[in-house]
């Protein structure tokens, strides 16, 4: 009898979920709850029940802060449905554990050790020390930045839409931009193309996207430091790489699209610069667009795909393989070309395990994009150009939300594939990173096989 009881206890212990598993399950639960709310007649303008596949798709896109939609956000959903989208974006962007922490603070509930461990995994930090304080700062910082963004939007939206609607639109787009979601309420899948010449709207969205894409750790470190000299290597790499990608991306986008009659040719120089900056910032990974994406040049679309795949920074609201991963791989190539054994950044040597992790993350990301692109090309209409499939797959994996128009044409199979890709892009890479981070060097085994050579290049 005692043995049976012990076996039963062992079985119960085996069923305990790890923090990583709790994160994955938590996101799935939030998605399902959102889908159920979307399926209610009160959520749609028509008052009818929305097909559940579209509800799941929209909920996944909101929670995974992607922005891909099969139904027009501005015209299909009621204010109830739009509010659900906004709440799901905030929950997905900050992480459901951060939102749970906010609830705990509100009701004065004590945060347990297990919950702290899940928060640690969600925030992608190495220590429990000061974790709760960090989350408090992140929440205050987030609501403050979104508030400032909403005020700036209000100066443009209130005169256009009135007080009530203008305030709602301002808050919604501030949350969507900061969380790198890309949802908009302008209607007819136009995004913010009507504001291409509006400096306040374009620059505010760009700033919110960039700030949201820096990462929680960087925010805290910038707040606690008085100058760049005191910033860690991670923060410096994130900040400099973000600036470089925005600047060079904008320059290239300006060159590619300045004479394109479908996008920027008829614009003034100021509007061309604004649109170029926006087209460089948005793919990292927000999903807004101020110029028609389907009319961009092939070079512009390819540059967008690259920017989408790189994405934002670790521990942020953005997706992609992350800026630090791309920089580490790039500097590894530079070091090899220079004949140096170690990867060096800012006169610091990068641990080889970090380099290996960066390579694994990139290869896995490429693998997902390639497989999804191939599956879409097989399951969808054969008349659609291959470029559309690659664009859609990259956008879904990197949780961007930009599309060339394929999303609304997806079959049920295509919607399922993109839904799973968005979920994998939001949860999968994070899970992989956390799993790799827990590996301990020196566990490769006691047996070492003889070394041999393989010809490469």
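The values are calculated or read from the model by the stated rules, or taken from the named source; none is laboratory data. Model, not experiment: these values are computed from the prediction. FYI the Cβ positions are ideal-geometry reconstructions off the backbone, even for glycines, and counts take in every protein chain you see.
Quick look at the numbers
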read-out	value
Residue check, residue 352 surrounded by 12 or more Cβ atoms within 10 Å (Cβ to Cβ) and either within 26 Å of the chain's Cα centre (by Cα) or farther than 19 Å from residue 319 by Cα (or both)	yes
So residue 55, is it closer than 30 Å to residue 289 by Cβ, at pLDDT below 90 and in contact with a helix residue (DSSP H, G or I) (Cβ under 9 Å, 6 or more places away or on another chain)	no
Set 177, 181, 164, 196: member being surrounded by fewer than 23 Cβ atoms within 10 Å (Cβ to Cβ) and closer than 26 Å to residue 264 by Cα	196
Some residue of the stretch 178-192 being in a helix (DSSP H, G or I) and farther than 15 Å from residue 278 by Cβ	yes
Selection count where residues are in a helix (DSSP H, G or I), out of contact with any helix residue (DSSP H, G or I) (no Cβ under 7 Å at 6 or more places or on another chain) and over 26 Å from residue 396 (Cβ atoms), scope the stretch 346-371	3
Pick from the stretch 78-95, criterion at pLDDT below 90 and part of a helix (DSSP H, G or I), ranking: nearest to the chain's Cα centre (by Cα)	93
Every residue from the stretch 355-369 that is under 19 Å from the mean Cα position of the chain (by Cα), without any contact (Cβ under 8 Å) to a residue 60 or more places away in the chain and surrounded by 13 or more Cβ atoms within 10 Å (Cβ to Cβ)	358, 362, 366
Answer residue from the stretch 389-408, given it is in contact with a helix residue (DSSP H, G or I) (Cβ under 9 Å, 6 or more places away or on another chain) and surrounded by fewer than 22 Cβ atoms within 10 Å (Cβ to Cβ) and is modelled with the highest pLDDT among those	390
Test for residue 395: is it within 21 Å of residue 325 (Cα to Cα) and either in contact with a strand residue (DSSP E or B) (Cβ under 6 Å, 6 or more places away or on another chain) or part of a helix (DSSP H, G or I) (or both)	yes
Residue 328 in contact with a helix residue (DSSP H, G or I) (Cβ under 8 Å, 6 or more places away or on another chain), within 18 Å of residue 361 (Cα to Cα) and in a helix (DSSP H, G or I)	yes
Residue check for residue 40: under 22 Å from residue 288 (Cβ atoms) and modelled with pLDDT of 90 or more	no
Failed item, numbered, when residue 346 is tested on (1) surrounded by 24 or more Cβ atoms within 10 Å (Cβ to Cβ); (2) modelled with pLDDT under 90	(1)
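Every residue, every condition in (1) in a helix (DSSP H, G or I); (2) crowded, with 22+ Cβ neighbours inside 10 Å; (3) out of contact with any strand residue (DSSP E or B) (no Cβ under 8 Å at 6 or more places or on another chain), yes or no:
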site: 21; (1), (2), (3): yes, no, yes
site: 24; (1), (2), (3): yes, no, yes
site: 32; (1), (2), (3): yes, no, yes
site: 42; (1), (2), (3): yes, no, yes
site: 46; (1), (2), (3): no, no, yes
site: 50; (1), (2), (3): no, no, no
site: 55; (1), (2), (3): yes, yes, yes
